[in-house]
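Q: Once you've had a glance at the structure underneath, I'll fire off some questions.
The values are calculated or read from the model by the stated rules, or taken from the named source; none is laboratory data. Just so you know, these numbers come straight off a predicted model, no measurement behind them. Positions of Cβ are backbone-derived with ideal geometry, glycine not excepted, and every protein chain shown enters the neighbour counts. For accessibility, only protein heavy atoms count, side chains too; no ligands or nucleic acids. Shrake-Rupley method; radii C 1.70, N 1.55, O 1.52, S 1.80 Å.
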Amino acid sequence: MAANQAHDNYAYWVKIATRASVSVAFILIAVKVAAWLMTDSSSMLASLTDSLLDSLASLFTFFAVRYAVQPADNEHRFGHGKAESLAALVQSALITGSAMLLLIHSAQQWIQGTPVHQAEIGVYVSVFAIALTLGLVILQRIAIKKTGSQAIAADALHFSSDLLLNSAVIVALILSAYGWLWADSVFAIIIAIFLAQGAVRIGWDAFQSLMDRELPEVEKQLIIDTIKGIQGVRGLHGLKTRSAGPTRFVQCHIELDDNLNLRQAHDIADKAELAVANLFDYTDVIIHMDPLSVVPVELDTEVSLAETSPIPHQAPADGNDPTP
């Protein structure tokens with residue numbers, strides 16, 4: 001029941017955040033297209049380009065998080081959470097591509113010395129964009145605090161950069177209006193570089209998630225301390241963790257006294273699994289029970305396998321292992 005409630009809460013907040021993101025992106029596109037056509041400003045084009053990317057990324061995230069929150073099925077037994085990381089990776093690619101195009105356009109306009117027209121219109125549009133984006137970012141950060149969603153975090157990082165971007169556009173337009181024609185192109189180039197740096201960070205985090213990176217050390221230590229605090233647990237080894245969307249996956253071996261019967265060992269493992277599951281909103285826990293007498297052998301085997309081959313040996317499905 002608690003897991004279902006946590007999942008519903010996660011789904012509610014990511015859906016609210018993505019709907020708001022898509023709505024804001026399309027509103028900003030409409031007003032910035034008009035402002036760019038009237039001003040012919042490179043920095044306004046930079047802002048418009050970013051909003052176009054926001055709309056594409058937000059749409060992709062909109063559909064990705066809805067797929068990610070679907071419950072596990074027969075074909076996806078671990079759920080669909082990695083769709084969020086894919087959404088973040090797509091955002092990274094889109095941002096990087098647009099930043100490169102923006103650099104080329106801004107450099108050309110700098111060389112040509114194209115003047116900016118009706119700069120005050122661009123300033124008004126940028127102020128409106130800052131106010132709207134600020135409201136969205138506040139909502140996204142509430143959603144992130146509630147869910148820890150990687151896709152929403154990537155979207156929030158992008159929209160947070162828009163606050164700086166639109167502020168830079170205002171400065172560039174004012175300077176250009178006073179005859180500093182180079183300012184518009186230079187600020188657009190700076191914005192493009194800033195966007196590319198943000199894209200690299202988003203892409204790297206998404207890639208690490210897709211590669212099943214371990215949970216943060218603080219969370220791993222909390223898991224270890226929790227398991228060791230269960231009465232009857234003498235130690236643990238083989239801890240492996242990862243995350244996919246809202247779900248954390250934890251598996252390990254706990255070390256128990258040899259003289260326990262199967263029911264006693266099972267009860268201790270159940271308590272450990274429940275304690276770990278209660279640490280976070282949505283966690284899948286698998287715990288294997290080892291008697292203390294076999295622990296040294298298991299640890300030696302793990303070290304031996306790690307040293308000899310990156311791929312653990314597995315027996316065929318029929319259980320007949322041909323390896324001597």
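Q: What's the carbon and sulfur percent of the range 220-261's accessible surface, probe 1.4 angstrom, rounded to a whole number?
A: Its accessible area is 40 percent carbon and sulfur atoms.
Q: At what distance in nm do the modelled label points of A93 and I174 sit from each other, each positioned 7 Å from its Cα along Cα→Cβ?
A: My value for the distance between the label points is 4.0 nm.
Q: Per-residue accessible area for F60 at 1.4 Å probe radius, Å² rounded to 10?
A: The accessible area comes out at roughly 80 Å².
Q: Under the rule of at least 5 residues apart or a separate chain, name every residue whose amide H is placed under 5 Å from the amide H of D284.
A: For D284, whose amide H was placed from the backbone, the distant partners under 5 Å are R248, F249, V250.
Q: At 1.4 Å probe size, put M44, M211, M289 in order of accessible surface, largest to smallest.
A: Ranked list, largest accessible area first: M211, M289, M44.
Q: Among D284, D290, what's the order by accessible area (1.4 angstrom probe), most exposed first?
A: Solvent-accessible surface, decreasing: D284, D290.
Q: While we're here: Which value, in Å² rounded to 10, gives the accessible area of L195 with a 1.4 Å probe and all protein chains present?
A: Approximately 10 Å² for this residue.
Q: Fully extended, how many nm does the chain gain between I29 and E217 (0.36 nm per residue separation, minus their Cα-Cα distance)?
A: Answer, rounded to one decimal: 63.6 nm.
Q: Is there a quick way to get the dipole size of the range 187-234? I mean about its Cα centre, with the Cβ of Lys and Arg at +1 and of Asp and Glu at -1; what is the value in debye to the nearest 20? Could you put the intermediate results ahead of the total?
A: Working: 5 positive and 6 negative charges, 17 e Å.
Here the size comes out at about 80 debye.
Q: Between D225 and I104, what length comes free when the chain is fully extended (0.36 nm per residue of separation minus the Cα-Cα distance, one decimal in nm)? Could you put the intermediate results ahead of the total?
A: On the way: separation 121, 0.36 × 121 = 43.56 nm, distance 5.35 nm.
Result: 38.2 nm gained on full extension.
Q: Kindly report, to the nearest 10 Å², the accessible surface of R141 as traced by a 1.4 Å probe over protein heavy atoms only.
A: Number for this one is 140 Å².
Q: Now, a different point. With a 1.4 Å probe and all protein chains left in place, how much accessible area per residue does the range 118-165 have, in Å²?
A: The answer is 43 Å² per residue.
Q: Based on the Cβ-Cβ distance of Y12 and Q208, what FRET efficiency does E = 1/(1 + (r/R0)^6) give at R0 = 30 Å, to the nearest 0.05?
A: Working from the Cβ atoms, E equals 0.65.
Q: Further question: Past 28 Å, Cα to Cα, is the threshold; run K15/K271; K145/K240; K15/K228; K82/K228; K32/K82 against it and keep the listed order. Each step should come with its number before you reach the end.
A: Working: K15/K271 34 Å; K145/K240 25 Å; K15/K228 38 Å; K82/K228 30 Å; K32/K82 34 Å.
Flagged as over cut-off: K15/K271; K15/K228; K82/K228; K32/K82.
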